[in-house]
Amino acid sequence: MKKLSLLIVLVLGVTAVYGQDFLKKSKVSGSFQMDGNYYWEDNGIGITKEDINGEEFGAYGFGKLQYQLGNFTAGFRFEAYQTTPMSGFDSRVKGMGIANYFATYDDGTIGVTVGDIYDQFGNGLVFRSYEEWTLGFDNALRGIRAVYHPWEGVTLKGLYGKQRFYWAGYGENVPTSENRGLVRGVDGEWDLNSSIASMNNSKFRATVGASFVSKYEDASTLFVNGEELVMPQNVASYSGRLNLGYGRFTFSTEYARKINDPSEFNNYIYKDGQELLASLAYSQKGLGMVLQVKRVDNMSFKSNRLATQNDLDIGFIPPLNYTHTHSLPSMFSYATQPLGEMGIQFQVNYTIPKKTVLGGKYGTKLAFNYSQVNDIKRDSINVNGVNMLNQPGTKGYKSDFFAVGDRMFYRDLNFEIEKKISAKWHLTLMYINLYYDMETIENHPGAEAVEANIAFGEAIYKINRNNSIRLELQHMWDNIGPNHTIEPGHESYYTKRGNWFAFLLEYTIAPKWFVSVADKYNYGNPIADNRDHYITGSFGYIKDQTRIAISGGRQSEGLVCVGGVCRTVPASSGLSLTVTTSF
């Protein structure tokens, strides 16, 4: 309540300054979302009363409210999580209260924010604070941020604060497991085309930027494998970035480095970390091509050296792989590996022109994507005459910058054809060849990698202006068949393995109504008891900015991934209700 009272005082103070213009100039906006789930026992997919544990109902929601008057903006977000273990969220999200509040003054030249801050420097390699509701993730920085534009095209930022960690307090007297270090950072960016008059209309475009971010944690000593290790108080990171463009070509790159940062996540090694991200793109009417490369080496950067989960990340590792939204390929979404990965992605989009032999009356869209992520190559180091690899208290290993490891984490080759056949018919076909290292990505020691081929087809028939039918068919051929031998103790690794078939049928009455039915069937699972149908039905209503959706049925086990960050969703059975609105 103290937080809300402070915001109210700020709002009243500002409106008093503006006097009679209050009603004319004030703007209030906000949004609301509520998700409710009712779970029931379903022995067919292994959901017992013990799994539900008396918590049949789970709900979570938030409400955002923002007030603006002239150069002043203030707002807050109220959250309520009443979760069950089946929801897939970390149990620490459970709670209720004002999770986020802020006040900002910005006159275009200087801006100051106090409270909870969401921002990123460059691509986020050394700093990114953001929230993703579908993952239960929020690492907002509570503190202060200043943004200054000394002249056209130049932006300077500085910030200071402490990250959110579920519902943990921000004071000094918090448990060690909930403590977070202070985060401090500065960033500068210069858009040459905006600053230099002679370059205002140039075909050549250039932007440069640099960042410096450090964390401060209390110095301490830890005993690891019987050896006393001294932890650094300050850990610094820095990055530089460059964006160039000429005509249809664009090139961008960012390099980041972090000094030694021993932690539970990297097995307490004192090796510096580094990361490189680069992209080359070409675009013209009907054709677009992008080539991206990435190298990550020991770049886990958290504000608590004991943290090992998807929380308290100061930096962000952008994924390069294609983001699948269809149910079967999305079961095997890639999670970025901060300790080391080398990735590449090549994407081509081409539209065959209209009124050609292959393009037809409406043209034909083609898309090709190839992405692959490997481990980095690590060589042992000599410590007191003994060769060691990743030993706590040492520099861990050596790794040549361009040396690719033999282990492949992920590979995705896909090709898509999208074709409007007539005024009523629209067709999409897609083929996916997928490799997925389940042992690494899902932390299942000894799990066999997924090597799958997936076919997807979608047909949309427009009955009239407001009514349409959409049919979606998918099939996955897995490298593990129904007669595969299961190693004892590894049964849980095979819940989503084997061949799958899936379909979805949706009827839409635009712009307000939709209803759908879907099924996923893993008929080729090597464990007979896992060969289940996951049937769901959904119904929705949309009016202006409000959307209400109800669905019921079975949810298969899988990963929910956004931007390379994932959480595991266990199998469940029940009803769900989602309500979203904004104003």
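List of remarks:
- Over segment 185-335, relative contact order from alpha-carbon pairs under 8 Å, at least 6 apart, %: 14
- Under the convention that each Lys and Arg Cβ holds +1 and each Asp and Glu Cβ holds -1, the size of the dipole of the chain around its Cα centre is about 2580 debye.
- For K520, net neighbour charge (Lys/Arg +1, Asp/Glu -1) across residues whose Cβ lies under 14 Å away: -1
- Within-10-Å neighbourhood charge of T580 [Cβ basis; K, R +1; D, E -1]: 0
- In plain terms, the C-alpha convex hull of segment 22-83 casts an average shadow of 5.7 nm² when viewed from every direction.
- Dipole magnitude for segment 274-399: about 600 debye, using +1 per Lys or Arg Cβ and -1 per Asp or Glu Cβ, origin at the Cα centre.
- Across segment 529-546, rounded Karplus estimates of 3J(HN,Hα) from the backbone phi angles (6.51 cos²θ - 1.76 cosθ + 1.60, θ = phi - 60°) give 5, 8, 7, 10, 8, 10, 8, 9, x, 9, 9, x, 9, 10, 9, 6, 9, 10 Hz, Gly and Pro being marked x.
- Whether segment 219-342 is rounded, prolate or oblate, judged on the alpha carbon gyration tensor where a/c under 1.5 counts as rounded: oblate
- Beyond 31 Å in Cα-Cα separation lie the following of the pairs K64/K258; K27/K285; K162/K377; K49/K162; K203/K271; K24/K543: K64/K258; K27/K285; K162/K377; K49/K162; K203/K271.
- For mean projected area of the Cα convex hull in nm², computed directly from the structure shown, the correct entry in (i) 43.7; (ii) 31.9; (iii) 33.6 is (ii).
- The trypsin sites (Lys or Arg not before Pro) of segment 307-369 that DSSP puts in a loop, and whose beta carbon has at most 13 other beta carbons within 10 Å, are K354, K355, K361.
- Taking every DSSP helix (H) stretch of at least 4 residues in the chain, weighting each as -39,500 (n - 2.57) and dividing the sum by the residue count yields a mean residue ellipticity at 222 nm of -1500 deg cm²/dmol.
- Sites matching GluC sites (Glu not before Pro) across segment 127-226 that sit in DSSP coil, with at most 16 neighbouring C-beta atoms within 10 Å: E152, E172
- Segment 151-191 and segment 511-545 have their alpha-carbon centroids 41 Å apart.
- Peptides 483-491, 160-168 ranked from most to least packed give 160-168, 483-491, packing being the mean of other C-beta atoms within 10 angstrom over each peptide's residues.
- Each of the peptides 314-322, 473-481, 282-290 was scored by the mean count of other Cβ atoms within 10 Å over its residues; in descending order, highest first, they stand as 314-322, 473-481, 282-290.
- Surface composition of the chain: carbon and sulfur make up 58 percent of the accessible area, probe 1.4 Å.
- Neighbourhood net charge (15 Å Cβ-Cβ; Lys/Arg +1, Asp/Glu -1) for V450: -4
- Packing-based ranking of 25-36, 437-448, 377-388 yields 437-448, 25-36, 377-388, ordered from highest to lowest mean Cβ neighbour count within 10 Å.
- Entry comment: accessible area of the chain is 49 Å² per residue, from protein heavy atoms only and a probe of 1.4 Å.
- Relative contact order (%) - the chain, alpha-carbon pairs under 8 angstrom, separation at least six: 10
The values are calculated or read from the model by the stated rules, or taken from the named source; none is laboratory data. What you see is a predicted model, and the numbers here were worked out from it, not measured in a lab. Virtual Cβ from ideal backbone geometry, glycine too; neighbours counted across all protein chains shown. Side chains are part of the model used for accessible areas, which takes the heavy atoms of the whole protein and leaves out ligands, DNA and RNA. Shrake-Rupley method; radii C 1.70, N 1.55, O 1.52, S 1.80 Å.
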